[in-house]
Amino acid sequence: MNDRTFSRFRESLYLYYLEAGRDLLYKEMETMVNVFAKYFDINPSVKKDGQYYGVI
């Protein structure tokens with residue numbers, strides 16, 4: 001893999017966002033969150049007790 005592959009990918013995402021107004025990476029991450037929540041049977045509306053679990 002070329003050392004510029006990731007930079008070019010980010011640039012492509014940014015140019016697409018400027019042209020189409022859609023953040024493809026954000027949309028994909030939202031989709032993945034929903035898939036993981038369903039797979040692990042997580043209710044996203046349940047709040048934790050405020051203790052830090054290593055996830056931001």
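Structural remarks
- Pairing residues of segment 23-46 that are farther than 29 Å from Arg10 by Cα with residues that are open to solvent by 100 Å² or more (accessible area, probe 1.4 Å), at Cβ distances under 8 Å and at least 6 apart in sequence or on separate chains, gives Ile42/Phe36.
- Output for segment 1-51, where each listed residue is in a loop (DSSP other than H, G, I, E, B) and among the hydrophobic types (A, V, I, L, M, F, W, C): Met1, Phe40, Ile42, Val46
The values are calculated or read from the model by the stated rules, or taken from the named source; none is laboratory data. Keep in mind that this is a model prediction, so the values were computed, not measured. Reconstructed Cβ throughout: ideal geometry from the backbone, glycine too, with neighbour counts over all protein chains shown. Accessible surface areas use protein heavy atoms only, side chains included; no ligands, DNA or RNA. Shrake-Rupley method; radii C 1.70, N 1.55, O 1.52, S 1.80 Å.
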